[in-house]
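What follows draws every value from the coordinates through simple rules; no lab data is involved. What you see is a predicted model; the values in this text were computed from it and never measured. Note that we place each Cβ from the backbone using ideal geometry, even for glycine, and neighbour counts take in every protein chain shown.
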Amino acid sequence: MTVLAPDDSRWASLRHAYGSAADVPDLLRQLDGKPAPQGSEEPWFSLWSALCHQGDVYTASYAALPYLMADAARVPPAERLGHLHLAGTIAALSRAERSPAVPEDLTAAFKDAVHLLGELAIEALVTLPIASEEELSVLLGAVAVAKGQAPLGNLLLQWMPELECEECGGAVVPASYAYALEP
């Protein structure tokens, strides 16, 4: 597996949501085997914003995926949900028609990282007591993506059991969720 080295000048030619990805290696270095915090703390806010911006992924997203997964492997299963969520979303969106192709020289490392995504998500599934619907949807979504089911995986990764009506502000339960609760 050939992973793009953090000091490789090619990062500057890769793209993320805001242009050149020259800043991505520094953001990835900040992960340092720590769990993703809740909220918008750094470097997670910048990584999400640059690599997976409003449903789009970029060539830098693909180069960053092996680093996200290597760092996730250093984090205990109970604390790696943030890693798996971002990595799974990148992997799922890489299959969207609007997304750029994975650069040929990054394909093997990308595929290996997606495989590791599935392994780490399964490890978390079997070792953790699932505390919330959100955690379960992230873990199952990551497994689905790793098994080649990107649309299902993305649905699970972006799962929201309750939405807000834009007109009245009231709660809206998606039909699929309401149906799942029928006897």
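Listed values, structure above:
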| item | result |
| --- | --- |
| Sequence of TRP11, TRP159 once ranked by neighbouring C-beta atoms within 10 Å, starting from the fewest | TRP159, TRP11 |
| Choice from GLU166, GLU123, GLU135 with maximal GNM fluctuation in the chain (Cα, 10 Å cutoff) | GLU166 |
| On Cα atoms only, tilt of 81-93 relative to the major axis of the chain in degrees | 80 degrees |
| Modelled FRET efficiency - R0 30 Å, ILE122 with MET160, Cβ distances, 0.05 increments | 0.80 |
| Integer Hz, Karplus 6.51/-1.76/1.60 couplings in order for the range 154-167, x for Gly and Pro | 5, 4, 5, 5, 9, 4, 9, x, 9, 10, 10, 5, 5, 7 |
| Long-range HN-HN contacts of VAL172 with modeled amide H, under 5 Å | LEU163, GLU164, CYS165 |
| Separation of the LYS111 and PHE45 label points, Cα + 7 Å toward Cβ, nm | 3.8 nm |
| Acute angle (nearest 10 degrees) that the helix 59-74 long axis makes with the longest principal axis of the chain, alpha-carbon atoms | 80 degrees |
| Net dipole in debye of the range 70-183 [+1 Lys, Arg Cβ; -1 Asp, Glu Cβ; about Cα centre; nearest 20] | 400 debye |
| Candidates ALA109, ALA150, ALA78: whichever shows maximal mean-square fluctuation once the chain is modelled as a Gaussian network with Cα springs under 10 Å | ALA78 |
| Cα lying deepest toward the dipole's positive end in the range 57-152, options ILE130, LEU116, PRO151, charges on Cβ | PRO151 |
| Radius of gyration and maximum dimension Dmax of the range 9-180, Cα, Å | 16.1, 52 |
| ³J(HN,Hα), Karplus 6.51/-1.76/1.60, whole Hz, each residue of the range 103-115, x for Gly, Pro | x, 3, 6, 9, 4, 4, 5, 4, 4, 4, 5, 5, 4 |
| Other-chain or far-sequence residues with amide H under 5 Å of ALA36's (modelled H) | GLY82, HIS83 |
| Integer Hz, Karplus 6.51/-1.76/1.60 couplings in order for the range 13-20, x for Gly and Pro | 8, 6, 10, 10, 4, 10, x, 4 |
